[in-house]
1. Among the residues of the stretch B:251-269, write down those that are charged (D, E, K, R) and within 25 Å of residue B:166 (Cα to Cα).
2. Please go through the stretch B:1-57 and pick out each residue that is closer than 24 Å to residue A:57 by Cα, more than 14 Å from chain C (Cβ to nearest Cβ) and in contact with a Phe, Trp or Tyr (Cβ under 7 Å, 6 or more places away or on another chain).
3. Can you give me the number of residues within the stretch B:258-285 that are among the hydroxyl-bearing types (Ser, Thr, Tyr), part of a helix (DSSP H, G or I) and over 21 Å from the mean Cα position of the chain (by Cα)?
4. Determine which single condition residue A:186 fails, assuming it passes every other condition in (1) under 30 Å from residue A:48 (Cα atoms); (2) surrounded by fewer than 20 Cβ atoms within 10 Å (Cβ to Cβ); (3) of a type in the set (Asp, Glu).
5. Considering every residue within the stretch B:85-96, establish whether at least one is modelled with pLDDT of 95 or more, part of a strand (DSSP E or B) and either of a type in the set (Ser, Thr, Tyr) or touching a His at 6+ places or on another chain (Cβ under 7 Å) (or both).
6. Tell me, which residue of the stretch B:108-167 that is among the charged types (D, E, K, R) and assigned to a helix (DSSP H, G or I) is surrounded by the fewest Cβ atoms within 10 Å (Cβ to Cβ)?
7. Quick check on the stretch C:10-26: of everything there that is of a type in the set (A, V, I, L, M, F, W, C) and crowded, with 16+ Cβ neighbours inside 10 Å, which residue is farthest from the chain's Cα centre (by Cα)?
Amino acid sequence: MRRSLIDILDLSIDELNELMDVAVDIADNPNKYNDSCKGKILATLFFEPSTRTRFSFEAAMYELGGQVIGFSDAKNSSVSKGESIADTAKTISCYADIIAMRHPLAGAPLVAAQSASVPVINAGDGGHCHPTQTLADLLTIRREKGGFDNLVVGFCGDLKYGRTVHSLITALARYKGIKIVLISPEELKLPFYVKRELDLKGVSYRETNDLENALGELDILYMTRVQKERFASIEEYERLKDCYILNEQKMKFAKPDTCILHPLPRVNEISVAIDNDPRACYFKQVLNGKYMRMALILKLLSEDKPVDQLDYLSRCEKVEIKGAVCSNPKCITQTEQELGQSFKLVDKEYNIHRCVYCEKKVR
Amino acid sequence: MRRSLIDILDLSIDELNELMDVAVDIADNPNKYNDSCKGKILATLFFEPSTRTRFSFEAAMYELGGQVIGFSDAKNSSVSKGESIADTAKTISCYADIIAMRHPLAGAPLVAAQSASVPVINAGDGGHCHPTQTLADLLTIRREKGGFDNLVVGFCGDLKYGRTVHSLITALARYKGIKIVLISPEELKLPFYVKRELDLKGVSYRETNDLENALGELDILYMTRVQKERFASIEEYERLKDCYILNEQKMKFAKPDTCILHPLPRVNEISVAIDNDPRACYFKQVLNGKYMRMALILKLLSEDKPVDQLDYLSRCEKVEIKGAVCSNPKCITQTEQELGQSFKLVDKEYNIHRCVYCEKKVR
Amino acid sequence: MRRSLIDILDLSIDELNELMDVAVDIADNPNKYNDSCKGKILATLFFEPSTRTRFSFEAAMYELGGQVIGFSDAKNSSVSKGESIADTAKTISCYADIIAMRHPLAGAPLVAAQSASVPVINAGDGGHCHPTQTLADLLTIRREKGGFDNLVVGFCGDLKYGRTVHSLITALARYKGIKIVLISPEELKLPFYVKRELDLKGVSYRETNDLENALGELDILYMTRVQKERFASIEEYERLKDCYILNEQKMKFAKPDTCILHPLPRVNEISVAIDNDPRACYFKQVLNGKYMRMALILKLLSEDKPVDQLDYLSRCEKVEIKGAVCSNPKCITQTEQELGQSFKLVDKEYNIHRCVYCEKKVR
């Protein structure tokens, strides 16, 4: 197994800083990196479509002088016809120097990394992780704010299902003096286990459903989409939806240097009218995402010594649980041939075990 | 907004001549241009499939030493899921240096050009425009005939719905002494507004339904496909279809140097038997299309100063019409968020206004 | 017509040796070939999806410094809308220097080669031929065994429908002292006409349904998948399926240097448990396939003199048969416009004629 990126926490704070330094250098001196990956091939294996993420990886590789092979949707692809992720990873290792994989099932990129002889980047595995989006978020915050310590960061909208929110919160929790403001309707509050993580790390946070009121204290506002179908009833949705739409009126309550982020695509949760407000940073985020992917590709290609699978399987202690089976229907263990069940102990106090692939709690 | 190509008339006669000069130089000295676009990326955003046009753009960019990202059909693409054309254009501007867009809705490339920070080329927007096909047609005529003045140009087949026909007629109407012969069944005659344009510009034309008879006077014959479903009845179709099929028998009536064009793909409207006739130029047209796209990419990348949006919106006078809404179901104003209605006065005498995006008449 | 590869027998033994020499040199000195195809474009025209084969061609071209255009599934492609293969080939010849074509109908690549002005490689035409898979198989055997003469080669599984099996048997039949062992259930035995070919060439072969028993004498074991739907009944399938699954238990009967091949993808016919056995060569085959495609692209691009179509149409004597029509519903003659029927005499003794495109027997 080669060094890979499956979860944002696979990278230490020092490594993140190093990646961001390289990314900034790329932004400042693009020509310097023109031929850094000459003769190298990236495989973009998108088992479900995600045009934006795919383009970001492809543009990143091209700007490094490399080439790209790939598919953008496995539905029409023979790859999906019964072949295991492990075999696909071994085969693609004959054609490419590095793999970016998007898959609807959680854990698929980890399974690929275990079999591939080249580095694997998780480009999104179901509702589980999307670490390169978090890299884009982090670089944008650093470039706009100069650093992370003592920032007040608001998250607004769907905090229950948004994997980009969970990832960024987890990543920020490692910095000093971070204050988190969770802004959402009751139905879409941050899940207990993420708040528990914040508690364990001593990160200060508060919950509110009032965006307008919270805006004045935020250094960063991370907006997400609130989907109609998440609400208990249409009436509830109609009553609440406008509260979570950022428009010119609400921007008056923000600080003069509040930085507005959004993982995109947006539908209507940020009015087009504020795109030209200098505080709107969501298109800068797109550009920063490309720079971070360039830095990441460079880093992973340069680390050519084999790494221990256990570093990825057991960031927590790995344990065998007799007879236990992951019950998550969207976990790669449901479909991958000859892949055993594997668990890790994530919380000793409450004795909570999770599947190593999808991180669903085992009962 | 960067200099873009939305409609063939965006280019002046001088600019067209310059493009054709470059295209001929490319054809004569391909190696000279090998690295002209090194480090540049073209995005081919094909919201509906058009393999031929996409390949032409991609081959053009590769032969200039550049790279390509893109999708070939938006159906499976996340880009189509609710994101506005404007947001897509802003995002892609982070990944690419130039965009070629094909879209089923008229006006989409214009909307993209207004938001992108890179040049946008219209690679076909519904039944509206397809200017790079016209570039291919024009170069082929110039290379075969040495110029445009005083040519007799026949158009045969479906003159009612064929956007390539309308575009080429409009483009040719700017040259001196052009004579146009319109050969079609009654059902598929050239629309009134195109003939009106010819009248206003003083271009001579005549209409006929007899291809065989017209052939003897033509310098150029532009063939198009006659689709069965366009006719009033099957009987009518059966009676007429053979009249508009070009075969060895009919070619005997053509001049020894009549140049046969077709935008391709053909079905059966030109017999395979005449492919080797030196007058058959439709595969030369394919090659010329690639050279013109190369010249166009070079031109647009070299013009890096912002241009005025109004140059594109108001080749005619732009006017506000209170309460008026474009009624064209295939216009981008039907789906694009926060895009206002906008009209232009195209004919002062008859007081005709058209939507600036799809050019449909407003009532 | 340019020199193309439609059937493995288009290559002489000397040419095959030369290709394998180049492939080995590529494997040993990859950097030497980095820019061999700089400025050249490969078109991968996949009228049906085959991700693995497409990736192999694309990686091959990129590693030679060239570029790639293409589509991976014609369903969504305008190419499939009524345009003939001949027209597609002529058009693509304007965009690319070499074509790799996959098509569900037998004979399509031959039709393309007859019209294209660039070389065409058959990347699989229905159940007919797949010569570049055979190139991968041959190089793997040569690299593992040093040569072909006097090898004992077993074929196991579906020998009736497996085109890779027929191709490799035909290719091996040209070497000296080859012994072939055909291991299959009764339902899936090698077709009579392939055995007849072996007889005509004096190749020794025997048939058995016992893999375990045969293993001890094999230098090479070529595994293929046995599909449930091929059997007369579910009971029959259940009774037999395990006999044709290669696992650690059966590997004990193999020689210490038996080389295990499989065209991939596998489903369960080879246990993942033997992937790390040094005799398992199926992932080496993947890599060798890329090297052979690189060597083939180099060879065909270097042969720029026109070749005689008849070399491809009539490896056997070509004959006209009045009124005869190919009855194969999966033959390109069924759909291609203005393509005549053409036959060849393949067996004088039995007076057997076959369609030149799909090689189906004519009655």
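The values are calculated or read from the model by the stated rules, or taken from the named source; none is laboratory data. Note that the structure is predicted; figures quoted are calculated from it, not measured. Neighbour counts run over all protein chains shown; Cβ positions are idealised from the backbone, glycine included.
1. Once the filter is applied, which keeps residues that are charged (D, E, K, R) and within 25 Å of residue B:166 (Cα to Cα), the stretch B:251-269 yields B:255, B:257, B:266, B:269.
2. Matches in the stretch B:1-57: B:43, B:45.
3. Adding up the residues that qualify gives 0.
4. Exception for residue A:186: condition (1).
5. There is no residue in the stretch B:85-96 that is modelled with pLDDT of 95 or more, part of a strand (DSSP E or B) and either of a type in the set (Ser, Thr, Tyr) or touching a His at 6+ places or on another chain (Cβ under 7 Å) (or both).
6. Step one: filter the stretch B:108-167 for residues among the charged types (D, E, K, R), giving B:125, B:137, B:142-145, B:149, B:158, B:160, B:163.
Next, only the ones that are assigned to a helix (DSSP H, G or I) stay: B:137, B:142-145, B:163.
Details: B:137: 28, B:142: 18, B:143: 19, B:144: 19, B:145: 16, B:163: 18.
That would be B:145.
7. So the first thing to find is which residues in the stretch C:10-26 are of a type in the set (A, V, I, L, M, F, W, C), and the list is C:11, C:13, C:16, C:19-20, C:22-24, C:26.
Narrowing further to those that are crowded, with 16+ Cβ neighbours inside 10 Å: C:11, C:16, C:19-20, C:22-24, C:26.
On the way: C:11: 13, C:16: 14, C:19: 16, C:20: 16, C:22: 20, C:23: 17, C:24: 20, C:26: 21 Å.
Within the stretch C:10-26, the match that is farthest from the chain's Cα centre (by Cα) is C:26.
Residue by residue, here is whether (1) among the hydrophobic types (A, V, I, L, M, F, W, C); (2) within 21 Å of residue A:116 (Cβ to Cβ); (3) within 14 Å of another protein chain (Cβ to nearest Cβ) holds:
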position	(1), (2), (3)
A:287	yes, no, yes
A:301	yes, yes, no
A:319	yes, no, no
A:350	no, no, no
